[in-house]
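The values are calculated or read from the model by the stated rules, or taken from the named source; none is laboratory data. None of these values were measured; they are calculated from a predicted model. Heads up, the Cβs are rebuilt from the backbone with ideal geometry, glycines too, and the neighbour counts pull from every protein chain shown. What goes into the accessible areas is simple: the full protein's heavy atoms, side chains included, and nothing from ligands, DNA or RNA. Shrake-Rupley method; radii C 1.70, N 1.55, O 1.52, S 1.80 Å.
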Amino acid sequence: MGAVRQYVFPTARIIIWAVIAAALVVLALKGAELDPPDALQPTGEITEAVIPVEKGSVTNAVTVPASVVSDPPVEIKATADGVIAEIEVDDAKVGKDTRVLWIKSEEPVEPVVEVDEKTGEETVTEQEPKVTWTSALAPVSGTVDITALKDQAVAVGEVIGTISPGTLSVSGTLTADQQYRLVGAKGSAQVTLKGGPAPFTCTRLTIGEAPAGAMGGAEGSMEAGSGAPEAATGAVHCSIPPKVKAFSGLGAEIEITNGDAKDVVVVPISAVLGTSQTGRVWTVKEEGAEPEPRDVTLGLTDGLQVEVTKGLKAGEQILEFTPVEDGTEGGVDCEDMTAYDQAAMDGDMDTVQAFEEECFG
């Protein structure tokens, strides 16, 4: 037994270590076969999403961030050439069409010339000028502030004072997309005051040009992928009813509904190139066929889907996303930078270029 412990066990241990060392050498020289011969290979392919054209309802409602503002003073203008003869109202509240002052106008009258028939001598008699009194009226109700002085000469149309109506309005700015959606809007809108009463209807809705340097909305809206506020192209304004308690500077939202259509042809806005008046979709006649572009006429939109008034029928097949120049659908997602990194690793320069143009300017 002692001989076995002394000679056999050490010899066996040496043989085992030798076998392990030989195996490691073989692996180092040949390399391990990591993938079995029958490993599954990817066989899927990317296909374009095709959807059927359906009928539905569209309500074109635009919500605009806004704020409460005091209505500006209204100018009082001279209604005739002359001098301020009498100021009847100043620094006081009046109603609309109240007379605030008188303007005295004098028009020269030709002198009367008499000729003596016997002597031929002429006698010239000067005449008093023709005097006309014209009143200037308050254009709106409010507090009068006359800036002209008594006996001051004025010309017709000259500003002689202002009247502060003491009323409030809600005012906001519009982006280009919102302005297109509100073409033709008029009448009234729904207003919600932050921390204020229940939503109410404001009247005398007007839509016009944006003030110089204005940004989209009360806080500006961000253009996708640009990282910068989108410039405002229009402004919206409506009057707060006197019975509504509000304060200048309050934040608000204006909701304007500009049309409602039911049981009409609608498609997702992602499927249309263009969002106002005219657009283009890509139709698919049969499975596997190449998409074909088709021009369509657009109607109302709610920001998610758009009405097609001409050029497309319910039941036809279209691409869910408009193709872009590089042949992909829907463009690139500037928030998914892993796709950009993967495209760079794969050498997909078309996708890399699309990312750089769309996301990095």
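Worth pointing out:
- Qualifying positions in the stretch 276-306 - surrounded by fewer than 16 Cβ atoms within 10 Å (Cβ to Cβ) and within 22 Å of residue 48 (Cα to Cα): 280, 285, 286, 287, 288, 289, 290, 292, 293, 294, 295, 304
- Test: residue in the stretch 177-195 that is buried (at least 17 other Cβ atoms within 10 Å of the Cβ) and over 28 Å from residue 232 (Cβ atoms): no
- Only one of 88, 117, 110, 75 that is touching a strand residue (DSSP E or B) at 6+ places or on another chain (Cβ under 9 Å), over 30 Å from residue 245 (Cα atoms) and charged (D, E, K, R): 88
- Filter pass, residue 37 being outside any strand (DSSP E or B) and either under 30 Å from residue 283 (Cβ atoms) or at pLDDT below 55 (or both): yes
- Of the criteria (1) open to solvent by 20 Å² or more (accessible area, probe 1.4 Å); (2) at pLDDT below 95, which one residue 60 fails: (1)
- Considering the stretch 92-146, the qualifying strands (runs of 3 or more DSSP E), each wholly inside and each with 1 or more residues that are closer than 19 Å to residue 157 by Cβ, touching a residue at least 12 places away in the same chain (Cβ under 8 Å) and within 55 Å of the chain's Cα centre (by Cα), run over 99-107, 130-137, 142-146.
- Odd one out for residue 267 among (1) farther than 21 Å from residue 176 by Cβ; (2) touching a residue at least 12 places away in the same chain (Cβ under 8 Å); (3) open to solvent by 40 Å² or more (accessible area, probe 1.4 Å): (3)
- Any hit, the stretch 201-210, residues being open to solvent by less than 30 Å² (accessible area, probe 1.4 Å), over 18 Å from the mean Cα position of the chain (by Cα) and at pLDDT 95 or above: no
- When residues of the stretch 244-264 are limited to those that are in contact with a Leu (Cβ under 6 Å, 6 or more places away or on another chain) and more than 16 Å from residue 59 (Cα to Cα), the one most open to solvent (accessible area, probe 1.4 Å): 250
- Subset of the stretch 307-322 that is of a type in the set (S, T, N, Q) and surrounded by fewer than 20 Cβ atoms within 10 Å (Cβ to Cβ) - its residue that is farthest from the chain's Cα centre (by Cα): 317
- Residues of the stretch 159-187 that are more than 17 Å from residue 64 (Cβ to Cβ) and not in a strand (DSSP E or B): 165, 166, 167.
- Listed by first and then second residue, the pairs linking a residue in the stretch 171-190 that is at positive phi to a residue that is surrounded by fewer than 22 Cβ atoms within 10 Å (Cβ to Cβ) and assigned to a strand (DSSP E or B), with Cβ atoms under 7 Å apart and 6 or more places separating them unless they lie on different chains, are 184/258; 187/205.
- Matching residues, the stretch 104-118, being farther than 28 Å from residue 81 by Cα and open to solvent by 100 Å² or more (accessible area, probe 1.4 Å): 114, 117, 118
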